[in-house]
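The values are calculated or read from the model by the stated rules, or taken from the named source; none is laboratory data. All of these numbers come straight from a predicted model, not from anything done at the bench. Cβ placement follows ideal geometry from the backbone for every residue including glycine, while neighbour counts extend to all protein chains displayed. In case anyone asks, the SASA skips ligands and DNA or RNA and just uses the protein heavy atoms, side chains included. Shrake-Rupley method; radii C 1.70, N 1.55, O 1.52, S 1.80 Å.
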Amino acid sequence: MSRIAYVNARYLPMRDAMVHVEDRGYQFGDGVYEVCEVRGGRLIDERRHLERLQRSLGELRIRMPMSPAALGVILREVVARNRVGYGIVYLQITRGVARRDPAFPSPPVPPSVVVTARRLDRSRNEALAAKGIAVVSVPDNRWGRVDIKTTGLLPNVLARQAAIEQGARDAWFVDKGGAVTEGASANAWIITQSGAVVTRHADSAILRGITRTVLFDAIKAYGLSIEERAFTLQEAYAAREAFVTSASQIVLPVVRIDGRIIGDGKPGPVATALRREFHRFAEAG
Ligand code: PDD
């Protein structure tokens, strides 16, 4: 079965799914995106993802091309047409197509909208979570507004590639003060020796993950203590557990950071429980 993508009001086979060479997403990374988990064919936390999308668009002064409800219809249609039971749906909106000039097109042009969906291998993801992943630290050299989910991801691309070349799965960005900001495509968490669950406060130095937000509810429900604050790489090395969160991996245990073993080198009980229980706290639409 050929995959189907939505591109500017048309559902097209993947091989025909094209955007214009002067699309500002292509030229400047002048666009935003969202990734939603699909589970049992249903979108997880769609409302929150679309709210964050609107915020990202607003920060960049890109017009919301249609209502959240209309976008939701398209997301569902792409999921259905690709028969995705378990996987992800990807939505990208750019400032549109215009002759290349960094300033906003004047008069404004219609934003470009692309939606794709793809199946993920659930047993492979579960096997990965059961084993845990290795991460490496890299200097956080991103711009100052990574709270906006833009498609401009070059530092993330280079960080992820550096991780893979060092035999790790992902990278953790570290700021100039030695504190971990977040992963290259996930939020970073540790559990201290005293049992506190720690993740960086959400300012403009991290993306406020939807998984992160929902996980706070789970952590509170289980009576664990949360510290929303910066933590250093040294603290992470000494942590009892570590993990990352994102829509595509939910809670993924980290068992090695820069080659140092975290805890006993196996996924920790808290991360494992949070992964198992997450969907009791998420919205499925
Ligand atoms: N990544 N931080 C960064 C830099 C991210 O790219 C992501 C998501 C997150 C977690 O956000 P959420 O929980 O809302 O998925 C944090 C997506 C999945 C991606 O780029 O594929």
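Does residue 213 fit the bill of being within 13 Å of the ligand (Cβ to nearest atom) and surrounded by fewer than 22 Cβ atoms within 10 Å (Cβ to Cβ)? So residue 213 passes the test.
Within this structure, residue 229 passes the test of being open to solvent by 60 Å² or more (accessible area, probe 1.4 Å) and under 16 Å from residue 196 (Cα atoms). When residues in region 157-180 are screened for being of a type in the set (S, T, N, Q) and either surrounded by 20 or more Cβ atoms within 10 Å (Cβ to Cβ) or over 25 Å from residue 29 (Cα atoms) (or both), 1 of them pass.
Scanning region 251-273 for residues that are touching a Ser or Thr at 6+ places or on another chain (Cβ under 8 Å) and open to solvent by 10 Å² or more (accessible area, probe 1.4 Å) yields a single hit, 258. Take residue 116 and tell me if it is closer than 30 Å to residue 79 by Cα, open to solvent by less than 90 Å² (accessible area, probe 1.4 Å), assigned to a strand (DSSP E or B) and modelled with pLDDT of 95 or more. Against the criterion (closer than 30 Å to residue 79 by Cα, open to solvent by less than 90 Å² (accessible area, probe 1.4 Å), assigned to a strand (DSSP E or B) and modelled with pLDDT of 95 or more), residue 116 qualifies.
Cβ-Cβ contacts under 7 Å between residues 6 or more apart (or on different chains), taken from a first residue in region 95-106 that is outside any loop (DSSP other than H, G, I, E, B) to a second residue that is open to solvent by less than 90 Å² (accessible area, probe 1.4 Å), are listed as 97/22; 97/23; 97/109; 97/112. Is it the case that some residue within region 124-131 is within 30 Å of residue 82 (Cβ to Cβ), open to solvent by 40 Å² or more (accessible area, probe 1.4 Å), in contact with a Phe, Trp or Tyr (Cβ under 9 Å, 6 or more places away or on another chain) and not in a strand (DSSP E or B)? No, that holds for no residue.
If you go through region 191-202 and keep only what is under 25 Å from residue 145 (Cβ atoms) and more than 13 Å from the ligand (Cβ to nearest atom), you end up with 198, 201. Among the residues making up region 60-70, a single one is closer than 11 Å to residue 50 by Cα and in contact with an Asp or Glu (Cβ under 9 Å, 6 or more places away or on another chain): 68. Screening the candidates 275, 229 for the property of being on the phi < 0 side of the Ramachandran plot, within 14 Å of the ligand (Cβ to nearest atom) and either in contact with a helix residue (DSSP H, G or I) (Cβ under 8 Å, 6 or more places away or on another chain) or touching a residue at least 12 places away in the same chain (Cβ under 8 Å) (or both) yields one hit, 275. The residue list 240, 208, 200, 276 contains one member that is over 26 Å from residue 43 (Cβ atoms) and open to solvent by 40 Å² or more (accessible area, probe 1.4 Å), which is 240. In region 1-80, counting only strands (runs of 3 or more DSSP E) that sit wholly within it, the ones holding 2 or more residues that are surrounded by 17 or more Cβ atoms within 10 Å (Cβ to Cβ) span 4-7, 31-39. Applying the set (1) in contact with a Gly (Cβ under 7 Å, 6 or more places away or on another chain); (2) open to solvent by 10 Å² or more (accessible area, probe 1.4 Å) to residue 191 leaves exactly one unmet item: (2). The set of residues from region 150-165 being of a type in the set (S, T, N, Q) and within 11 Å of the ligand (Cβ to nearest atom) comprises 150, 151, 156. In summary, residue 91 fulfils each of the numbered conditions (1) open to solvent by 10 Å² or more (accessible area, probe 1.4 Å); (2) in contact with a His (Cβ under 9 Å, 6 or more places away or on another chain); (3) free of Cβ contacts under 8 Å to residues at least 60 places away in the same chain with the single exception of condition (1).
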